[in-house]
1. Would you tally the residues in segment 131-182 being among the hydrophobic types (A, V, I, L, M, F, W, C) and part of a loop (DSSP other than H, G, I, E, B)?
2. Here are some conditions: (1) polar (S, T, N, Q); (2) farther than 16 Å from residue 479 by Cα; (3) open to solvent by 70 Å² or more (accessible area, probe 1.4 Å). Residue 497 meets all but one. Which one does it not meet?
3. Quick one: in segment 102-138, which of the residues that are modelled with pLDDT of 95 or more and open to solvent by 70 Å² or more (accessible area, probe 1.4 Å) is farthest from residue 45 (Cα to Cα)?
4. Quick one: is residue 50 more than 18 Å from residue 96 (Cβ to Cβ), open to solvent by 30 Å² or more (accessible area, probe 1.4 Å) and of a type in the set (A, V, I, L, M)?
5. Name the pairs whose Cβ atoms lie under 6 Å apart, with the first residue in segment 487-511 and under 21 Å from residue 465 (Cα atoms), the second open to solvent by 50 Å² or more (accessible area, probe 1.4 Å) and of a type in the set (Lys, Arg), and 6 or more positions between them or separate chains?
6. Consider only pairs whose beta carbons are under 9 Å apart and that are at least six residues apart or on different chains; among these, list those whose first residue lies in segment 311-324 and is over 16 Å from residue 293 (Cα atoms) and in contact (Cβ under 8 Å) with a residue 12 or more places away in the chain and whose second residue is surrounded by fewer than 16 Cβ atoms within 10 Å (Cβ to Cβ) and not hydroxyl-bearing (Ser, Thr, Tyr).
7. Testing residue 99 on (1) assigned to a helix (DSSP H, G or I); (2) open to solvent by 10 Å² or more (accessible area, probe 1.4 Å); (3) in contact with a strand residue (DSSP E or B) (Cβ under 9 Å, 6 or more places away or on another chain), one condition comes back false. Which one is that?
8. Residues that are of a type outside the set (A, V, I, L, M): find the strands (runs of 3 or more DSSP E) completely inside segment 267-343 holding 2 or more of those.
Amino acid sequence: MSTTPPAPTHAPRNGGDLVVESLTALGATTVFGLPGQHALGVFDALRRSALRYVGLRVENNAGFAADAYARATHGVAPLLVSTGPGALMTLAALQEAAAASAAVLALGSQVPLAGLGGGRHGYLHELTDQSASFRGVVKSVHTARTASQIPSAVAAAWESALSTPHGPVWLEIPQDVLLAPVDVPPVTELDVEPRELAPRPELVAAAAERLARAERPVILAGGGVVRAGAEAELLALAEQLRAPVATTFGGKGAFPWEHPLSLQSWLEDRHTTSFLEDADTLLVVGSGLGELSSNYHTFRPRGRVVQIEADLGKLESNHAALGLHADARLALSALVKEVARYEDGTAGDGTGASPESAVSELLARVRDRLAGQDLDLEQRVLTSVRDALPDDAVSCWDMTILAYWAWSAFDPRRSNALHSAQGAGGLGYGFPAALGVAVADPERPVLAVSGDGGAMYSIAELATARQYDLPVTWLIVDDGGYGILREYMTDAFGRATATELARPDFVALAESFGVPAVRTTPDRLRADLAAAFAAPGPSVVVLPARLRMFAPTHLDS
């Protein structure tokens with residue numbers, strides 16, 4: 001009998017292994033997704049990798065979870081889906097990721113290679129041109145047609161997603177390429193160089209002079225400040241200039257809420273709009289001054305505008321400005337240094353009023369406006385949520401009336417701690433996004449807020465929350481319909497149509513998934529939420545309530 005030991009055996013590797021090896025080499029630790037027939041090669045390869053897989057029940061929800069994971073980590077979130085219906089189901093989530101500059105690397109399978117190019121072979125899930133569906137949504141589209149192309153294609157997609165401004169990308173690989181055996185060494189290293197955008201020095205000098213010489217400088221800070229991690233630079237510049245700072249809904253947390261110079265986030269308020277208009281120099285950083293940030297395009301600046309924006313398409317897209325195409329952190333850092341060369345000339349507006357007193361007076365006018373609208377219930381509910389939420393927690397908000405209140409009135413108490421779908425505005429974001437945040441940091445409590453209509457988009461993900469035991473508390477405000485649409489239609493047409501909904505017993509439904517749930521009241525909401533946060537794993541709190549929005553001010557302009 002031979003004593004020669006048998007040759008070592010190795011599991012066969014295929015194109016799917018090259019995908020997961022490439023993602024790992026680029027620094028990925030977690031991937032989101034949902035398997036499908038054409039994508040089985042890459043899903044099988046996951047079990048031979050160190051990547052953590054988090055599977056959701058609907059592709060769109062997997063996209064929302066990846067979006068929030070990317071926002072929470074300031075990194076890339078891989079999203080794995082299958083061909084045709086699976087791929088197309090991600091489009092709404094990728095639109096939100098594009099609006100929010102979230103670096104989602106969506107990787108989908110394709111029909112076999114022979115089916116590319118428009119030939120109609122009758123493959124399952126076949127589309128004439130699948131990638132065409134993504135070109136108007138994502139930053140870039142990539143295709144790997146051979147196994148040898150996979151590592152470079154994954155690296156190119158990763159680099160694009162993480163280059164300033166961040167954003168989602170689409171990469172597709174045919175089924176037979178994912179399944180084909182490969183005889184190459186494992187991918188161990190991939191180099192990418194995401195682009196950073198430094199401001200041009202002459203523009204920094206011009207902007208610094210305008211701001212330093214201004215009598216009434218004001219800053220509007222958008223989501224670009226949060227994405228760039230530029231909070232310290234923003235605070236330093238505001239205090240140098242003694243410039244009041246308002247934050248957009250996407251920029252919440254970029255500036256301390258209770259700072260004497262904080263105008264907070266009351267952008268859907270005519271008093272705030274007028275305050276911004278009265279600035280002799282307004283610095284807009286990390287915002288394109290879109291519909292929500294401009295009080296529905298009623299904002300009309302009377303002074304000069306300086307705009308820092310990483311997305312070239314948003315630079316001066318709504319208002320003429322001295323435009324700096326740059327990353328917010330790099331630009332603000334340069335401005336802090338340049339403004340320091342000037343003597344302080346911004347302690348008042350020439351009338352003896354200090355910027356701090358002007359801020360205080362503005363916020364008092366906002367409070368007075370709300371006080372006359374019989375909105376005690378809404379403010380009490382929002383206060384209860386804030387009081388119950390731990391200071392280090394993150395909240396994710398669906399498109400619902402309480403979220404619209406939160407955009408203006410909620411103090412997240414730190415940066416990058418409030419996420420919503422206010423970019424694309426699709427329903428169903430809150431709960432799957434909260435799951436993505438919880439995956440990023442399972443030690444931190446997470447709150448999801450939905451209405452009953454939006455909640456129905458995400459019910460299946462209660463199974464995901466239970467399967468992975470994620471510490472997410474889901475507050476469902478149940479008003480029996482699409483509440484904000486009910487208000488819009490009633491105001492516009494005198495009555496609402498198609499807004500009323502039959503809905504389940506959310507408490508019983510959650511419990512059927514093994515998720516603890518409670519029905520609460522406005523009086524018990526704070527205590528019930530606090531108890532849910534203190535308990536391990538997922539939970540649901542249902543608040544039957546019919547909330548109202550505060551009166552709009554843009555219609556009077």
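The values are calculated or read from the model by the stated rules, or taken from the named source; none is laboratory data. As the structure is a prediction and not an experimental result, all values here were calculated from the model. Positions of Cβ are backbone-derived with ideal geometry, glycine not excepted, and every protein chain shown enters the neighbour counts. These area figures cover heavy atoms from the full protein model, side chains too; ligands, DNA and RNA do not enter into them. Shrake-Rupley method; radii C 1.70, N 1.55, O 1.52, S 1.80 Å.
1. Selection size over segment 131-182: 5.
2. (2) is the only condition that residue 497 fails.
3. My answer is 136.
4. So residue 50 passes the test.
5. If the second residue must be open to solvent by 50 Å² or more (accessible area, probe 1.4 Å) and of a type in the set (Lys, Arg), the pairs left are 507/519.
6. Hits for this filter: 322/206; 324/200.
7. (3)
8. In segment 267-343, 304-309, 322-325 are the strands (runs of 3 or more DSSP E) which contain 2 or more residues that are of a type outside the set (A, V, I, L, M).
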